[in-house]
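The values are calculated or read from the model by the stated rules, or taken from the named source; none is laboratory data. Quantities reported herein were computed from a predicted structural model and do not represent experimental measurements. Note that we place each Cβ from the backbone using ideal geometry, even for glycine, and neighbour counts take in every protein chain shown. Quick note on the areas: whole protein, heavy atoms, side chains included, nothing else; ligands and nucleic acids left out. Shrake-Rupley method; radii C 1.70, N 1.55, O 1.52, S 1.80 Å.
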Amino acid sequence: MTTRYSRDHEWIRLEGDIAVIGITDYAQEQLGDVVYVELPEVGRTLAKGAEAAVVESVKAASEVFAPVAGEVVEVNVALGDEPAMVNTAPEDAGWFLKLKVADKSEVEALMDADAYKAFLETI
Amino acid sequence: MSQSVSEGLKETPLAGLHRELGARMVPFAGYSMPVQYPTGIIAEHNQVRDSAGLFDVSHMGQARLVGPDHETTARALEALTPGDFVGLGRGRERYTLLLSENGGIIDDLMVTRPASPDDDGRLLVVVNAARKDVDYADFRARLPASVILEPMDDRALLALQGPAAAAVLSRHVPDLGEPGFMTAWSATFDDLACGMSRSGYTGEDGFELSMAADDAEAIARALLAEPEVGPIGLGARDSLRLEAGLCLYGHDIDTMTTPVEADLEFAIARRRREEGGFPGAARIQRELQAGPPRKRVGLTLDGKAPAREGAPIKTVEGRHIGDVTSGGFGPTVGAPIAMGYVDASYAEPGTRIAVEVRGRDLPATVSTMPFVPHRYFRKRKP
């Protein structure tokens with residue numbers, strides 16, 4: 001399964017029923033130095049578009065919305081000690097949370113890498 | 001997350017240089033200004049604390065008050081502010097507050113008496129960009145006919161801040177010597193005329209350089225070519241001044257706050273505490289005597305989540321006692337810090353309080369400021 005992208009600059013990668021979610025390189029660059037990430041409680045059910053996390057840069061707090069619906073099964077606790085991983089490895093070690101996806105077709109409906117790249121060029 | 005700079009914004013003489021350096025430009029006080037360069041806010045912040053950084057502060061308002069002699073101009077300014085300007089020596093600089101009739105702060109500003117006796121009767125002021133129009137109208141309305149306000153719109157202003165600032169500047173100003181903190185003088189930078197002062201807004205040693213707008217880029221490029229110096233945007237300017245405990249107008253002080261509430265008593269000259277004669281004197285003298293109803297304090301948070309402007313400050317029992325006026329992450333402190341106003345009975349450093357962030361009360365402590373010790377240049381006593 002390839003990575004999909006939302007218009008809110010999240011990436012989502014399906015591993016079986018579980019989707020790993022984070023913010024894109026473009027998003028981290030726009031935010032600047034990340035100093036704190038507030039992650040949801042494991043076990044919480046998120047509707048599509050619900051607030052999933054809050055990422056704080058030096059300048060401001062920004063919400064991260066769930067790109068698809070699902071139940072939080074794991075969060076990246078390593079971000080507690082090293083929030084800067086969101087800047088250095090946004091699409092890898094800087095992941096935010098894992099969701100047990102309610103409807104995989106919601107993932108399929110998001111942009112693929114080429115479509116996201118084209119979307120960035122319109123911004 | 002996209003940021004676009006809207007039409008109609010003013011630019012400083014360094015706008016082209018900022019873009020060339022890869023700055024992200026944002027609207028600020030009617031100007032398109034660099035918020036950060038590609039290295040990012042934390043790297044820029046550390047650059048200033050560890051070495052030296054160059055700030056374009058040309059958006060700020062530079063003006064002069066021109067009267068027939070020093071005493072006349074100084075008394076005219078004293079009628080609007082709580083400072084001692086009659087006693088301000090040549091080549092000295094002072095921080096002051098433009099006050100409204102009810103003692104509120106219209107703006108905070110720097111006032112410089114030029115070093116040359118030929119300039120007696122002139123005082124130079126630097127005001128906040130967002131308050132230029134208000135301040136200038138206020139000066140014109142309240143100054144006596146004998147003292148004229150002359151905006152100097154053809155000037156640029158740069159700040160060179162950090163422990164390496166003096167060494168860097170002396171390469172371009174060979175007769176720099178060791179000027180004291182809050183002194184001002186005229187000099188040439190390479191061969192360009194500048195007004196200089198040893199002051200700043202970071203808590204570090206540093207200088208502010210005022211020059212003709214046309215000379216600003218050459219001076220900025222010469223400073224940026226020095227290995228110790230990097231360009232610094234508004235983002236790091238804010239985190240540096242917050243750690244230094246310095247107020248940002250429109251956030252930590254405004255027309256609803258008095259100098260005593262804002263913990264800026266140092267700006268009320270000793271002579272004038274009894275003498276009065278400044279706008280709002282009755283209220284301010286009463287607050288000096290009996291204490292203000294609320295006070296600006298520093299806050300340190302126990303956890304890692306920053307508290308931003310507007311966050312409610314509460315007792316540990318959950319009663320609302322004030323609000324955060326500036327807050328964020330302090331890169332040098334390595335933790336979230338904030339300032340805000342609390343009921344005076346909670347202003348004692350060490351008082352445990354809470355700050356509400358996204359519906360949760362986060363434990364915090366009232367702290368002394370600055371959060372990072374000031375390192376202003378002080379001349380050693382002979």
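Table for the structure above
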item	result
Single residue of B:243, B:261, B:309 found to be over 17 Å from the mean Cα position of the chain (by Cα), touching a residue at least 40 places away in the same chain (Cβ under 8 Å) and open to solvent by less than 10 Å² (accessible area, probe 1.4 Å)	B:261
Elements of type strands (runs of 3 or more DSSP E) contained in region B:189-239, each with 1 or more residues being surrounded by fewer than 20 Cβ atoms within 10 Å (Cβ to Cβ) and more than 14 Å from chain A (Cβ to nearest Cβ)	B:192-197, B:206-212
Unmet criterion (only one of (1) on the phi < 0 side of the Ramachandran plot; (2) within 14 Å of the chain's Cα centre (by Cα)) for residue A:77	(2)
Region A:24-52 - residue that is closer than 23 Å to residue A:115 by Cα and touching a helix residue (DSSP H, G or I) at 6+ places or on another chain (Cβ under 7 Å) and, of those, most open to solvent (accessible area, probe 1.4 Å)	A:48
Positions within region B:312-333 being open to solvent by 50 Å² or more (accessible area, probe 1.4 Å), under 25 Å from the mean Cα position of the chain (by Cα) and free of Cβ contacts under 8 Å to residues at least 40 places away in the same chain, in sequence order	B:323
Qualifying strands (runs of 3 or more DSSP E) (wholly inside region B:250-335; at least 3 residues being of a type outside the set (Lys, Arg) and in contact with a helix residue (DSSP H, G or I) (Cβ under 6 Å, 6 or more places away or on another chain))	B:320-330
Region A:107-118, residues that are closer than 21 Å to residue A:30 by Cα and part of a helix (DSSP H, G or I)	A:113, A:114, A:115, A:116, A:117, A:118
Criterion violated by residue A:57 - all others in (1) of a type outside the set (A, V, I, L, M, F, W, C); (2) under 19 Å from residue A:81 (Cα atoms); (3) in contact (Cβ under 8 Å) with a residue 40 or more places away in the chain satisfied	(3)
Leading residue by the ranking (least open to solvent (accessible area, probe 1.4 Å)) among those in region B:20-40 that are within 14 Å of another protein chain (Cβ to nearest Cβ) and among the polar types (S, T, N, Q)	B:36
Residues within region B:164-178 that are touching a strand residue (DSSP E or B) at 6+ places or on another chain (Cβ under 7 Å) and touching a residue at least 24 places away in the same chain (Cβ under 8 Å), tallied	5
Count - residues of region B:271-298 that are within 25 Å of residue B:321 (Cα to Cα), open to solvent by 50 Å² or more (accessible area, probe 1.4 Å) and among the small types (Gly, Ala, Ser)	1
Test: residue B:176 is buried (at least 17 other Cβ atoms within 10 Å of the Cβ) and not in a loop (DSSP other than H, G, I, E, B)	no
Condition check for residue B:350: on the phi > 0 side of the Ramachandran plot and either under 26 Å from the mean Cα position of the chain (by Cα) or among the charged types (D, E, K, R) (or both)	no
Filter result (free of Cβ contacts under 8 Å to residues at least 60 places away in the same chain and among the aromatic types (Phe, Trp, Tyr)) within region A:6-54	A:36
Subset of region A:82-106 [in a helix (DSSP H, G or I), surrounded by 15 or more Cβ atoms within 10 Å (Cβ to Cβ) and modelled with pLDDT of 95 or more]	A:85, A:86, A:87
